[in-house]
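Asks: Below are the structure tokens for one structure; questions will follow.
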Amino acid sequence: MRLSRYFLPILKENPKEAEIVSHRLMLRAGMLRQEAAGIYAWLPLGHRVLKKIEQIVREEQNRAGAIELLMPTLQLADLWRESGRYDAYGPEMLRIADRHKRELLYGPTNEEMITEIFRAYVKSYKSLPLNLYHIQWKFRDEQRPRFGVMRGREFLMKDAYSFDVDEAAARKSYNKMFVAYLRTFARMGLKAIPMRAETGPIGGDLSHEFIVLAETGESGVYCDKDVLNLPVPDQNVDYDGDLTPIIKQWTSVYAATEDVHEAARYESEVPEANRLQTRGIEVGQIFYFGTKYSDSMKANVAGPDGTDTPIHGGSYGVGVSRLVGAIIEACHDDNGIIWPEEVAPFRVTILNLKQGDAATDAACEQLYKELTAKGVDVLYDDTDQRAGAKFATADLIGIPWQVHVGPRGLAEGKIELKRRSDGSKESVALAEAAARLAP
Ligand SMILES: Nc1ncnc2c1ncn2[C@@H]1O[C@H](COP(=O)(O)OP(=O)(O)OP(=O)(O)O)[C@@H](O)[C@H]1O
Ligand SMILES: [Mg+2]
């Protein structure tokens with residue numbers, strides 16, 4: 001992509017409305033535009049990151065055996081009356097009427113709809129286990145939308161729903177999602193800690209929130225520092241095998257949100273030097289809720305003995321759009337964003353330090369062509385800004401690799417390679433640059 005033809009509306013000034021660094025940087029880097037309180041347009045740079053995150057979530061869901069579908073954003077109120085949640089949900093639900101005065105709502109979550117789909121088709125325990133997910137926009141009319149995409153009203157969520165014949169099988173499904181979440185967040189360069197959590201309006205009695213530690217987070221948390229150093233399963237983890245050793249390892253170290261924190265247990269289990277009381281950002285939550293929805297909505301299957309039994313369910317959310325903010329909270333410095341490679345909007349940015357100089361232009365064009373041919377995502381700064389401004393933009397938008405191309409280096413056939421994460425610079429022969437930068 002040539003920056004001269006791209007749409008990257010960088011802001012020079014710090015936007016006053018942004019209270020936290022991720023919101024400020026997303027606005028300054030031209031990623032996001034507020035259209036109404038808690039409702040945003042994703043500008044091209046932000047959209048690229050959102051799609052990268054979505055794809056990692058998708059790959060890890062698929063690896064764990066979940067199956068993607070897509071449900072609509074609008075749902076019938078009557079469906080929610082079946083579970084009793086239409087009245088229970090309160091003012092956070094956006095209620096809409098169509099031209100026939102039929103009551104609809106913009107889905108804040110999808111337990112009812114997926115249960116309706118499930119019960120229409122699945123009649124026997126032999127079709128289980130089943131886990132269906134989608135990645136779809138949600139609406140919650142939050143009382144205090146704030147912090148940009150962290151607490152929006154419209155936001156992108158991955159939500160998966162598992163169906164099992166009994167509690168033991170449902171726990172296996174829960175464990176698969178637990179492990180998939182460990183992998184998902186680690187791939188994005190995040191340390192997200194599973195913490196015991198309250199179940200809230202979803203219901204049920206077993207739940208973990210995955211929390212990225214950050215002072216600006218909205219959740220209070222208590223944990224044993226040892227939990228920060230536990231190993232994340234690699235991509236060869238066998239989802240059909242026994243996952244309980246992994247779950248035991250992660251859940252035997254104390255980690256809880258303030259809602260379910262037990263002070264006495266914490267003090268007896270966690271040595272004083274290991275106690276960590278801080279704040280964090282909830283990037284995902286998993287629930288096992290038993291037969292809550294299958295009882296009320298009559299989602300039964302014929303069990304092995306032929307009798308009808310209500311299925312045991314779980315639901316599993318990831319805040320896809322919130323993750324963009326959470327990653328920036330965890331990965332930035334005074335100059336801007338530092339994208340982890342897996343979620344970066346571009347892998348490489350070429351800075352032409354003397355636009356209009358024939359040799360410099362030619363070297364940049366050559367490198368741009370070579371990298372593009374190798375399938376590398378490149379942003380080529382071919383604008384007529386001065387070098388200082390190009391450096392500042394590149395640092396602000398946080399592309400992992402910067403290639404500085406100017407007449408001085410080229411006189412010796414060299415370019416400068418800068419790594420955004422640690423600022424380290426290296427002089428590399430122009431002829432070798434493309435090979436070095438291919439992943
Ligand atoms: N208003 C929001 N804006 C952006 N992401 C959100 C919002 N509400 C929830 N999410 C994300 O969706 C995930 C799954 O939704 P869940 O129902 O667990 O949210 P929640 O517990 O109500 O979130 P919170 O406690 O932050 O309000 C959350 O873990 C979070 O990452
Ligand atoms: Mg939650």
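The values are calculated or read from the model by the stated rules, or taken from the named source; none is laboratory data. From a predicted model like this one, the values you see are computed outputs, not experimental measurements. Quick reminder, even Gly has a Cβ in these numbers, built from the backbone with ideal geometry, and neighbours come from all protein chains shown.
Asks: Give region 234-282 a look and list any residue that's of a type in the set (Lys, Arg) and outside any strand (DSSP E or B), or say none.
Replies: Hits for region 234-282 are 248, 265.
Asks: Considering 187, 140, which residue is closer than 25 Å to residue 340 by Cβ, in contact with a helix residue (DSSP H, G or I) (Cβ under 7 Å, 6 or more places away or on another chain) and buried (at least 17 other Cβ atoms within 10 Å of the Cβ)?
Replies: 187
Asks: Condition test on residue 243, is it more than 22 Å from the chain's Cα centre (by Cα), in contact (Cβ under 8 Å) with a residue 40 or more places away in the chain, away from ligand 1 (no atom under 16 Å from the Cβ) and buried (at least 20 other Cβ atoms within 10 Å of the Cβ)?
Replies: Against the criterion (more than 22 Å from the chain's Cα centre (by Cα), in contact (Cβ under 8 Å) with a residue 40 or more places away in the chain, away from ligand 1 (no atom under 16 Å from the Cβ) and buried (at least 20 other Cβ atoms within 10 Å of the Cβ)), residue 243 qualifies.
Asks: OK, next. Looking only at region 320-335, count how many residues are within 16 Å of residue 189 (Cβ to Cβ) and either among the small types (Gly, Ala, Ser) or over 28 Å from the mean Cα position of the chain (by Cα) (or both).
Replies: Looking only at that region, the number is 3.
Asks: Further question: Just for strands (runs of 3 or more DSSP E) wholly inside region 283-378: which have at least 1 residues that are buried (at least 18 other Cβ atoms within 10 Å of the Cβ) and not β-branched (Val, Ile, Thr)?
Replies: Per the criteria, 308-310, 312-319, 348-352.
Asks: Still on this structure, please answer the following. Go through region 126-159 residue by residue and tally those that are of a type in the set (A, V, I, L, M, F, W, C), under 14 Å from the mean Cα position of the chain (by Cα) and within 11 Å of ligand 1 (Cβ to nearest atom).
Replies: Taking region 126-159 first, the residues of a type in the set (A, V, I, L, M, F, W, C) are 128, 130, 132, 135, 137, 139, 147, 149-150, 155-157.
Next, from what is left, pick out any that are under 14 Å from the mean Cα position of the chain (by Cα): 135, 137, 149-150, 155-157.
Then keep just the ones that are within 11 Å of ligand 1 (Cβ to nearest atom); that gives 137, 149-150, 155-157.
Result for region 126-159: 6.
Asks: Something else: For region 342-354, check the following and say yes or no: at least one residue is more than 30 Å from the chain's Cα centre (by Cα), within 15 Å of residue 3 (Cβ to Cβ) and without any contact (Cβ under 8 Å) to a residue 60 or more places away in the chain. Spell out the reasoning first.
Replies: At the first step, the residues of region 342-354 found to be more than 30 Å from the chain's Cα centre (by Cα) are 352-354.
Within this subset, residues satisfying the condition of being within 15 Å of residue 3 (Cβ to Cβ) are 352-353.
Filter again for without any contact (Cβ under 8 Å) to a residue 60 or more places away in the chain, leaving 352-353.
Yes, the conditions are met somewhere in region 342-354.
Asks: Does region 205-215 hold any residues that are more than 12 Å from ligand 1 (Cβ to nearest atom) and in contact with a helix residue (DSSP H, G or I) (Cβ under 6 Å, 6 or more places away or on another chain), and which are they? Lay out the reasoning, then the answer.
Replies: In the first step, residues of region 205-215 are kept if they are more than 12 Å from ligand 1 (Cβ to nearest atom); the result is 205-206, 213-215.
214 - this is the single residue of region 205-215 that is more than 12 Å from ligand 1 (Cβ to nearest atom) and in contact with a helix residue (DSSP H, G or I) (Cβ under 6 Å, 6 or more places away or on another chain).
Asks: Go through (1) at positive phi; (2) of a type outside the set (Gly, Ala, Ser); (3) in contact with a helix residue (DSSP H, G or I) (Cβ under 9 Å, 6 or more places away or on another chain) and name the single condition residue 101 misses.
Replies: (3)
Asks: How many residues are touching a Phe, Trp or Tyr at 6+ places or on another chain (Cβ under 8 Å) and either under 21 Å from residue 117 (Cα atoms) or charged (D, E, K, R) (or both) if we restrict to region 141-156?
Replies: 2
Asks: Also, I was wondering about something else. Against the definition (assigned by TED's automatic domain parsing to the domain that holds residue 192 and of a type in the set (S, T, N, Q)), how does residue 321 come out, yes or no?
Replies: Against the criterion (assigned by TED's automatic domain parsing to the domain that holds residue 192 and of a type in the set (S, T, N, Q)), residue 321 qualifies.
Asks: Continuing with the same structure: So which of 301, 270, 283, 260 ends up being under 23 Å from the mean Cα position of the chain (by Cα) and either farther than 20 Å from residue 176 by Cα or within 14 Å of ligand 1 (Cβ to nearest atom) (or both)?
Replies: Just a single option satisfies the conditions, and that option is 283.
Asks: Determine the pairs where a residue that is on the phi > 0 side of the Ramachandran plot, located within region 26-49, has a partner that is part of a helix (DSSP H, G or I) and not small (Gly, Ala, Ser) with Cβ atoms under 9 Å apart, the partner being 6 or more residues away or on another chain.
Replies: Final answer for the pair search is 30/44; 30/45; 30/397.
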